[in-house]
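The values are calculated or read from the model by the stated rules, or taken from the named source; none is laboratory data. All values derive from a computational prediction rather than experimental measurement. Heads up, the Cβs are rebuilt from the backbone with ideal geometry, glycines too, and the neighbour counts pull from every protein chain shown. Each accessible area value is taken on the protein alone, full model and side chains, heavy atoms only, with ligands, DNA and RNA left out. Shrake-Rupley method; radii C 1.70, N 1.55, O 1.52, S 1.80 Å.
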Amino acid sequence: MRRSPFLLFDPSLDNSSSRADSEEGGMAVNNVQTESSPFYDERMGLNSNLLTGPVTFEWLSQAEDARLNGSSDAFQPFLDKAAQSAEAAMNGDHASSRFSVINEFNIWRQKPELAEAVAAIKALTCVIRRSEATTMMGLEIELKKAAETLKMWDKTSISLSAGCDLFMRYVTRTSALEYEDISAGKSRLIERGEKFGEISLKARQTIANLGQEFVYDGSLILTHGYSRVVLALLKLAASQGKRFQVVCTEGRPDNTGLEMAKELMGAKIPMMLILDAGVANMMGQIDMVLLGAEGVVESGGVINHIGTYQTALVARSMNKPVYVAAESYKFARLFPLDQMDMSPTPRIVDLAVPAQEENIKIQTSERDYTPPQYLTLLFTDLGILTPSAVSDELIQLYL
């Protein structure tokens with residue numbers, strides 16, 4: 001196996017870890033004002049100091065706990081108030097006394113193995129099961145309203161929106177809506193909803209089976225941010241006896257790369273952690289780049305954790321393959337032309353700059369868009385696709 005000229009952390013060895021502290025600077029850019037979702041309105045509204053003063057260490061520790069462990073008690077008001085705001089906007093102020101699709105969604109999304117889109121699919125299936133509509137048309141209207149409520153709750157989530165759209169297209173694309181018997185039609189919709197949920201649950205394993213064929217002995221793989229499907233692919237490759245090493249970027253601003261590194265350590269996969277700014281420095285030694293995606297757009301490009309674009313740019317300049325692993329429920333009917341076409345996603349950024357400094361502006365978006373010409377292949381549950389084939393698959397999904 002090829003030996004790298006740098007020292008990788010091998011969890012099988014009893015090495016003491018060292019940590020280098022670094023200061024980060026940022027380029028000042030204009031803040032972009034966008035329409036926010038109830039989820040972000042309520043999250044930001046809980047503490048008005050977040051808008052005008054520095055972020056406290058107590059708040060950051062609570063946020064880190066909520067991110068790593070799901071919806072903690074400290075952050076439950078975010079979910080409850082956002083759910084009430086979204087459903088009140090769609091159904092009126094009395095919505096909270098009835099079944100809540102957002103509360104059902106939050107119950108499912110707390111399960112670590114479920115992606116956000118799959119949690120939405122489960123919640124929408126529950127809407128069908130609990131519906132009291134007396135006609136199929138009434139049931140369809142109720143289902144559409146529930147899907148819009150979920151999408152309105154967090155407008156920044158691409159996978160949530162795409163998952164709801166695909167579910168609606170899959171479930172309502174049936175003659176069940178023409179049934180005169182509401183019971184038979186409802187049973188048919190529930191059956192299709194559960195089947196769609198099962199397909200979505202199996203997507204990650206399907207992708208892992210396809211993608212692990214591209215991992216070979218002695219390879220050095222670069223990842224950026226945290227992706228459950230990428231993690232599943234790497235774990236499967238390791239379980240089959242393949243010997244490879246992984247380089248993880250830190251994944252600022254929320255340190256998702258650190259989370260990925262911890263998972264790899266737990267799986268006994270040799271890895272090392274580098275600064276986001278160290279991608280170009282390491283790329284000459286990398287054999288392939290393996291990325292996840294928050295969304296796959298019509299052009300075949302991807303929207304993902306910020307820094308994905310620059311990683312793909314550097315890889316392309318050095319003729320390194322860039323593979324993206326993404327489930328088909330993340331395929332979205334979007335067509336961004338550049339970074340300015342994306343809706344900014346605000347994120348609390350902890351820089352070494354006092355937040356009250358009026359003359360310093362901070363760019364806080366947490367994701368970027370990578371055009372298709374910088375990607376080599378996409379590993380999906382629909383098969384291994386070239387970026388140019390994505391538009392054809394989207395047509396088939398939404399027809």
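Some values worked out for this structure:
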read-out: Where labels lie 7 Å past Cα in the beta-carbon direction, separation of residue 141 and residue 265 in nm; value: 5.6 nm
read-out: Computed over region 218-273, the ratio Rg/Rh where both radii use C-alpha atoms and Rh is Kirkwood; value: 0.94
read-out: Greater than 23 Å apart at Cα, pairs in 144/202; 242/262; 122/202; 202/235; 111/195; value: 144/202
read-out: Cβ-derived FRET efficiency at R0 35 Å, residue 396 paired with residue 133, nearest 0.05; value: 0.70
read-out: Kirkwood Rh (inverse of mean 1/r, distinct Cα pairs), region 99-203, angstrom; value: 13.6 Å
read-out: Sites residue 240 and residue 202, calculated FRET efficiency, Cβ-Cβ separation with R0 22 Å, nearest 0.05; value: 0.70
read-out: Three semi-axes of the equivalent ellipsoid, region 255-317, Cα gyration tensor, whole Å, largest first; value: 21, 16, 11
read-out: Charge sum, other residues only, whose C-beta stays under 15 Å from residue 292's C-beta, Lys/Arg counted +1 and Asp/Glu -1; value: -4
read-out: Gain in span if fully extended, residue 373 to residue 318, counting 0.36 nm per residue against the direct Cα distance; value: 18.4 nm
read-out: Added length on full extension, which subtracts the Cα-Cα distance from 0.36 nm per residue, residue 359 to residue 388; value: 6.0 nm
read-out: With every protein chain in place, region 99-203: carbon and sulfur % of accessible area (1.4 Å); value: 50 percent
read-out: Contour minus Cα-Cα distance for residue 343 and residue 181 (0.36 nm per residue); value: 54.0 nm
read-out: Nitroxide proxy distance, nm - points 7 Å out along Cα→Cβ at residue 281 and residue 213; value: 3.8 nm
